[in-house]
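Working notes for the structure below.
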Amino acid sequence: MYYVKFGEGKPVVYLHGWGCDGSIFAPVAKLLPNFSNYLVDFNGFGKSDPPCADGWTVWDYARELHDFLTENNLRKVALVGHSFGCRVGLCLAAKYPDDVSKMLFVAPAGLRKFSLRRWWRVRIYKLKKRFGKTDLSYAGKDYLDCRDEMKKTFVKVVNEDLSAVAKKVRCPVLIVNGREDESTPLRHAERLNKLLRDSNLTIIDGGHFSFFFVPAAFAQTVKIFAE
């Protein structure tokens with residue numbers, strides 16, 4: 001797993017969202033020289049190798065992250081995750097609790113509820129595909145934007161509901177979500193806040209990437225939380 005490191009001090013590990021890589025956190029990490037800021041590229045993103053041909057689940061990413069922490073002698077780290085990165089953080093904290101001391105989640109993904117509309121669209125898509133009439137209008141933009149080698153991983157990741165996993169997390173979690181976030185709506189963050197044993201929710205103005213437009217405020221939040 002490729003990574004870059006900024007600063008020296010207490011370790012903070014940053015987990016990027018789908019379609020991004022660790023560099024998205026660089027403006028924040030550079031403002032925190034008194035911490036050891038580890039910016040990782042998940043497999044299939046940035047400079048890390050892609051997953052296997054059959055695709056990875058969120059648990060595979062959590063295992064890979066656990067191996068990375070072990071190899072670098074990192075324990076009880078503070079995690080900062082965005083969107084997809086929060087999925088990995090949940091699985092890591094649930095399965096390897098000694099790896100994590102606390103987590104800061106920005107626009108967390110990972111919770112799903114049954115949607116009749118979504119179920120019906122998927123059924124139509126699969127029926128058309130069976131008869132050689134694939135209509136990609138039924139596929140989401142994130143799926144269409146995926147490289148071919150990442151499509152199976154994407155399907156496995158987004159179809160996994162981590163509600164039960166969230167209940168197993170024991171470390172403190174701070175959730176930050178934008179009021180206007182359409183990718184991970186506020187109601188999802190509110191539900192995650194209820195599922196987690198020890199968590200708080202902070203609501204800010206803006207959408208899915210709003211926190212990244214104010215790196216100084218983001219860095220200050222990380223500093224206070226990590227300390």
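Points to keep in mind about this one:
- Checking each residue in segment 203-217 for being outside any loop (DSSP other than H, G, I, E, B), in contact (Cβ under 8 Å) with a residue 60 or more places away in the chain and either in contact with a strand residue (DSSP E or B) (Cβ under 9 Å, 6 or more places away or on another chain) or surrounded by fewer than 16 Cβ atoms within 10 Å (Cβ to Cβ) (or both) picks out 211, 212, 216.
- Checking each residue in segment 7-43 for being in contact with an Asp or Glu (Cβ under 7 Å, 6 or more places away or on another chain) and either at pLDDT below 95 or not acidic (Asp, Glu) (or both) picks out 18, 19, 22, 36, 43.
- Cβ pairs under 6 Å, 6+ apart, first in segment 166-189 and farther than 25 Å from residue 77 by Cα and part of a loop (DSSP other than H, G, I, E, B), second modelled with pLDDT under 95 and hydroxyl-bearing (Ser, Thr, Tyr): none
- One residue stands out among those in segment 39-55 that are part of a loop (DSSP other than H, G, I, E, B) and free of Cβ contacts under 8 Å to residues at least 40 places away in the same chain: the one that is surrounded by the most Cβ atoms within 10 Å (Cβ to Cβ), which is 45.
- Applying the criterion of being aliphatic (A, V, I, L, M) and more than 21 Å from residue 221 (Cβ to Cβ) to the residues of segment 56-91, the residue that is surrounded by the fewest Cβ atoms within 10 Å (Cβ to Cβ) is 74.
- Hey, residue 155 surrounded by fewer than 17 Cβ atoms within 10 Å (Cβ to Cβ) and of a type in the set (Val, Ile, Thr) or not: yes
The values are calculated or read from the model by the stated rules, or taken from the named source; none is laboratory data. Bear in mind the structure is a predicted one, so any value in this text is a computation, not a measurement. Note: ideal-geometry Cβ built from the backbone for every residue, glycine included; neighbour counts use all protein chains shown.
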